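Below is one structure, written out as structure tokens; comments come after it.
The values are calculated or read from the model by the stated rules, or taken from the named source; none is laboratory data. Bear in mind that the values here come from a model prediction, so they are computed numbers and not experimental data. Every residue, glycine among them, receives a Cβ derived from its backbone with ideal geometry; neighbour counts consider all protein chains shown.
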């Protein structure tokens with residue numbers, strides 16, 4: 001036990017060593033990551049500022065016409081490690097989170113191999129592979145924080161499940177639910193099917209084994225344990241899962257998805273070669289460039305490199321390993337085939353047979369199963385290589401030297417050809433590519449020779465001496481790949497937003513903007529409220545309104561949009577836009593204005609009733625309909641409103657205060673009317689007129705509307721999501737059960753058994 005703890009501590013120490021000075025950023029510096037800068041930093045900054053002000057970060061008014069930030073799982077609002085940001089600079093927090101989770105992934109790999117029967121040396125190497133493989137490390141450059149935090153718990157989950165089933169106790173079963181609960185709170189939903197699916201496959205194998213060994217009752221117990229584990233994990237994470245499920249009902253993925261959507265970002269066949277040479281197509285870092293015929297984010301989405309020696313162990317596990325380990329080999333192969341999308345056939349079959357699979361795109365991410373299998377088999381095979389039966393050892397000693405010679409010759413020939421190819425190039429881009437290819441071939445040759453040498457002759461050195469040498473080889477291999485992806489950079493303010501901040505009025509609660517060619521989430525740092533934003537998971541009605549507003553000036557008026565900002569990165573910067581007038585053209589942005597813009601809150605005296613969302617979308621899309629005079633409402637059951645025409649007098653709506661979770665209006669109308677607040681309609685918002693609650697009804701396909709009596713009134717909108725209360729109660733109950741369970745388990749484990 002003490003040795004295990006020391007080796008786990010070593011893996012965490014290596015993780016923090018890997019990040020080095022990145023853990024101590026200066027000033028505004030942060031560890032670089034594309035999504036970290038463009039998505040997570042703005043929304044996390046909003047969340048932390050809300051907490052600092054004594055509020056929960058529930059509703060974000062700066063993006064998507066407002067959206068329920070707490071319900072978007074990948075923002076990880078209720079994930080405990082993220083709460084570090086309340087006490088530390090955000091740049092330090094991000095680096096610490098990355099270091100912590102790479103260490104957790106490595107420690108989980110260690111525990112999984114130990115549970116599977118591996119010895120400490122092999123478990124140490126397996127942990128290192130699962131912590132520092134390209135799938136994990138490349139996501140640092142992509143800035144995919146929640147992705148990495150979520151997948152970290154899969155090795156822990158499998159280790160915990162296997163342990164609980166062997167323990168055959170309900171206390172162990174409840175404790176084993178913790179990794180899955182934490183993964184749910186970490187929040188990258190597209191990895192949830194991977195977690196649950198892998199759990200299902202392991203459960204299936206263990207249930208079959210239990211049936212074969214002890215009969216159907218034992219198998220049924222395994223199934224029941226897994227069911228209880230999944231249910232308890234869901235209760236632990238109910239504070240996040242319930243709001244997420246509610247948001248999913250209103251999301252842009254509620255209607256399902258075509259196979260075209262579900263198969264976006266499949267692993268190309270040409271990227272399989274990156275299993276051997278991770279930077280064959282270049283790198284987006286430093287002076288290199290990523291030139292594969294795939295999207296730019298393919299660099300990290302298609303990263304499946306585990307190292308040369310782990311790949312050898314994976315391949316050798318089939319002919320030389322134990323038969324029961326072939327399950328992991330097949331699981332890894334299954335992951336690769338699913339990642340290939342339609343080219344691998346299995347993904348299309350899963351799409352047709354498994355409900356809900358179409359909601360999640362990017363099958364390439366399922367290749368993590370290959371990474372997981374390679375890491376596990378590295379640990380198991382490393383130790384087993386010392387204890388090979390004589391007949392298998394003789395075959396290996398005869399076969400592997402031939403592989404070394406033949407492989408070296410092939411690679412040397414390819415290197416010579418690559419050098420000649422480089423010599424005849426004249427184009428600088430081609431010169432750079434051929435130089436990179438040559439470098440990757442040389443790298444593969446050196447690491448391949450070293451890895452095969454470990455397998456052929458290294459076992460004469462003794463177990464721990466070879467462990468140290470192998471760990472050093474893996475560090476050279478995996479850290480040599482990953483080090484270039486870890487660096488500090490100061491998030492530079494976008495020039496277009498800076499100029500807009502100087503040029504536009506500072507009372508930004510009274511209007512919205514719409515942009516093209518600017519990073520949409522960055523406007524938050526200047527207090528701008530945007531119709532759109534950068535996040536794939538959002539409400540369907542908000543997405544449709546933003547898409548309509550991009551070309552329909554009637555919608556921009558309806559949504560309170562006063563300014564159009566077109567940055568230098570737009571397709572046609574600085575051109576005339578119908579319905580807009582150029583206000584100013586500072587560096588980095590062209591700013592357009594509308595003199596006839598409509599305030600965010602206004603009153604109309606004419607309504608059209610829509611039967612459902614599709615009907616409302618069709619009605620507001622009619623070009624002849626003036627949405628500043630007529631409201632399209634979806635009448636809720638039991639709601640009734642008598643609208644009177646405005647024969648005299650004027651309508652007045654003043655915004656007295658506008659806070660994320662509370663909006664206060666003062667209204668005056670000569671007759672009963674319909675009040676429209678151009679913020680997103682969403683459950684949890686309540687409206688009060690002079691202190692009396694009134695129903696909010698979906699208006700103009702996704703905005704808020706209430707029936708307003710004539711006269712002078714104060715109208716208050718407050719966000720009080722009931723679903724969050726339910727989630728808090730369920731998670732609180734589950735935590736209480738977990739504490740009691742942990743106490744019982746601890747007493748049983750550490751209380752000395754009584755002597756007879």
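Here are the numbers for the structure shown:
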{"read-out": "Residue in region 342-358 that is under 30 Å from residue 117 (Cα atoms), part of a helix (DSSP H, G or I) and under 24 Å from the mean Cα position of the chain (by Cα) present", "value": "no"}
{"read-out": "Residue identified as more than 27 Å from residue 471 (Cβ to Cβ) and assigned to a helix (DSSP H, G or I) among 315, 405, 330", "value": "330"}
{"read-out": "Any hit, region 87-98, residues being in contact with a helix residue (DSSP H, G or I) (Cβ under 6 Å, 6 or more places away or on another chain) and either assigned by TED's automatic domain parsing to the domain that holds residue 531 or farther than 15 Å from residue 146 by Cα (or both)", "value": "no"}
{"read-out": "Residue in region 567-585 that is within 25 Å of residue 705 (Cβ to Cβ), crowded, with 17+ Cβ neighbours inside 10 Å and in contact (Cβ under 8 Å) with a residue 12 or more places away in the chain present", "value": "no"}
{"read-out": "Filtered residue count, region 692-708, keeping only those that are surrounded by fewer than 17 Cβ atoms within 10 Å (Cβ to Cβ) and either closer than 12 Å to residue 641 by Cβ or in contact (Cβ under 8 Å) with a residue 12 or more places away in the chain (or both)", "value": "1"}
{"read-out": "Selection within region 295-320 - buried (at least 16 other Cβ atoms within 10 Å of the Cβ) and under 18 Å from residue 403 (Cα atoms)", "value": "307, 308, 309, 310, 311, 312, 313, 314, 316, 317, 320"}
{"read-out": "Matching entry among 683, 670 (being in the same structural domain as residue 605 (by TED's automatic domain parsing), closer than 27 Å to residue 620 by Cβ and within 29 Å of the chain's Cα centre (by Cα))", "value": "683"}
{"read-out": "Extreme residue, modelled with the lowest pLDDT, among residues of region 239-275 that are part of a loop (DSSP other than H, G, I, E, B), over 30 Å from residue 683 (Cα atoms) and touching a helix residue (DSSP H, G or I) at 6+ places or on another chain (Cβ under 6 Å)", "value": "263"}
{"read-out": "Criterion violated by residue 16 - all others in (1) without any contact (Cβ under 8 Å) to a residue 12 or more places away in the chain; (2) assigned to a helix (DSSP H, G or I) satisfied", "value": "(1)"}
{"read-out": "Every residue from region 416-438 that is over 39 Å from the mean Cα position of the chain (by Cα), surrounded by fewer than 17 Cβ atoms within 10 Å (Cβ to Cβ) and in contact (Cβ under 8 Å) with a residue 12 or more places away in the chain", "value": "419, 421"}
{"read-out": "Options 65, 125: the member that is surrounded by 24 or more Cβ atoms within 10 Å (Cβ to Cβ), in contact (Cβ under 8 Å) with a residue 24 or more places away in the chain and assigned to a helix (DSSP H, G or I)", "value": "125"}
{"read-out": "Wholly enclosed helices (runs of 4 or more DSSP H) of region 539-639 bearing at least 2 residues under 31 Å from the mean Cα position of the chain (by Cα)", "value": "540-549, 613-620"}
{"read-out": "Filtered residues of region 379-411 (kept if crowded, with 24+ Cβ neighbours inside 10 Å and under 20 Å from residue 460 (Cβ atoms))", "value": "381, 382"}
{"read-out": "Test set (1) buried (at least 23 other Cβ atoms within 10 Å of the Cβ); (2) modelled with pLDDT under 90 - residue 87 fails condition number", "value": "(1)"}
{"read-out": "Flag for residue 251 being over 21 Å from residue 160 (Cβ atoms), in contact (Cβ under 8 Å) with a residue 12 or more places away in the chain and buried (at least 18 other Cβ atoms within 10 Å of the Cβ)", "value": "yes"}
{"read-out": "Where a residue in region 456-468 is assigned by TED's automatic domain parsing to the domain that holds residue 14 and in contact (Cβ under 8 Å) with a residue 60 or more places away in the chain and its partner, wherever it lies, is exposed (fewer than 14 other Cβ atoms within 10 Å of the Cβ) and in a loop (DSSP other than H, G, I, E, B), with Cβ under 8 Å and at least six apart", "value": "none"}
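Residue-wise test of (1) touching a helix residue (DSSP H, G or I) at 6+ places or on another chain (Cβ under 8 Å); (2) modelled with pLDDT of 85 or more.
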position	(1), (2)
313	yes, yes
336	yes, yes
349	no, yes
353	no, no
361	yes, no
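The rows are residues; the columns are (1) under 18 Å from residue 515 (Cβ atoms); (2) surrounded by fewer than 17 Cβ atoms within 10 Å (Cβ to Cβ); (3) outside the structural domain of residue 705 (by TED's automatic domain parsing); (4) touching a strand residue (DSSP E or B) at 6+ places or on another chain (Cβ under 9 Å).
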| position | (1), (2), (3), (4) |
| --- | --- |
| 551 | yes, yes, yes, no |
| 607 | no, no, no, yes |
| 618 | no, yes, no, yes |
| 625 | no, yes, no, yes |
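One line per residue, one yes/no per condition, for (1) within 21 Å of residue 98 (Cβ to Cβ); (2) assigned to a loop (DSSP other than H, G, I, E, B):
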residue	(1), (2)
469	no, no
475	yes, no
480	yes, no
484	yes, no
491	yes, yes
501	no, no
508	no, yes
521	yes, no
